[in-house]
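Student: Before we start, here is the structure in question, set down as structure tokens.
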Amino acid sequence: MVEPVSVGIEAASQVAAFTRVACPYDLLSTVSVERAVFDDPDPSVVLAHYDIGLEAVGSAVVRGSHGFVKLLAVHPRTRLRGLGSQLLARLEDFCRDHGATSVGLGPSAPFYVVPGIDVRYTEALTFADARGYTRTGDAVNQGVRLTDLADPQLPCHVADDSDLERIMPWLSESYPNWIAEVTRSVSLRTCIVHDDLGFACYDVNRAGWFGPMATRPDLRGTSGVGTATLLAALHKMRAIGYEHVEIAWSGAVLFYLKVVGARISRVFWTYSKEL
């Protein structure tokens, strides 16, 4: 079997096109592939297997002692021929060689493609089980249609570097895992803030995906800041052409349901194994 080859960001458009045939629930844009797969400061690799065309692609990243498979997809015409197993083995080798003692499938925050395996990818679930992975948890996205949005009741604006500096003290203390995503969002001008009291981000890793968002902890549930920044960000998303967005990796299901009628749209299972 021909060995996969390493590819760089110049292959982003090809990988994006490949998701149209290999990943029916994750049709990635080129920008999404660039941001979620290639643009990562930690040790990472993207491997591709070519024959007639692109037959399989996989990506992994190592964060400290933990490795993550961000993406693993095989063309329908070449499934059940061992390409997925070969690619996963090479990704695991990469993680091990870069100091990882475990590897997970999916949730490679802060820069990630998906927060786990979508449960509708039945073959992927059984593939993970067969290769020694253990299910460790779950995650959900919520979908919301951008019609009849209420207006925010507090003034909000697009964040700049000075806004990031002002929210950084409580962001660092309460939500350190989101610093990289918020910093990227500010650089992309896709972060909305109300003063220095709350933020809401979008299009950070994937086009059309909302999050993260947070309100300063002492104001949560009492100030209306979260509602305002959420609505302001969704208005921005609607203005650039989105009709439906995914609230990614949602942890506040009831809040999003109450404010914008967001309902669970995707369910993911997370998997891990020791190396």
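The values are calculated or read from the model by the stated rules, or taken from the named source; none is laboratory data. Keep in mind that this is a model prediction, so the values were computed, not measured. So basically every Cβ, Gly included, is an ideal-geometry build from the backbone, and we count neighbours across all protein chains shown.
Student: Yes or no: region 24-32 includes at least one residue that is closer than 19 Å to residue 90 by Cβ, of a type in the set (D, E, K, R), in the same structural domain as residue 119 (by TED's automatic domain parsing) and within 16 Å of the chain's Cα centre (by Cα).
Tutor: No, region 24-32 contains no residue that is closer than 19 Å to residue 90 by Cβ, of a type in the set (D, E, K, R), in the same structural domain as residue 119 (by TED's automatic domain parsing) and within 16 Å of the chain's Cα centre (by Cα).
Student: Which condition from (1) within 30 Å of residue 78 (Cβ to Cβ); (2) more than 23 Å from the chain's Cα centre (by Cα); (3) among the hydroxyl-bearing types (Ser, Thr, Tyr) is the one that residue 134 breaks?
Tutor: (2)
Student: Let me ask something additional. With 181, 246 as the choices, which residue is in contact with a strand residue (DSSP E or B) (Cβ under 8 Å, 6 or more places away or on another chain) and assigned to a strand (DSSP E or B)?
Tutor: Testing whether each residue is in contact with a strand residue (DSSP E or B) (Cβ under 8 Å, 6 or more places away or on another chain) and assigned to a strand (DSSP E or B) leaves just 246.
Student: So if I check each of 62, 31, which one is closer than 25 Å to residue 272 by Cα and β-branched (Val, Ile, Thr)?
Tutor: That would be 62, the only listed residue that is closer than 25 Å to residue 272 by Cα and β-branched (Val, Ile, Thr).
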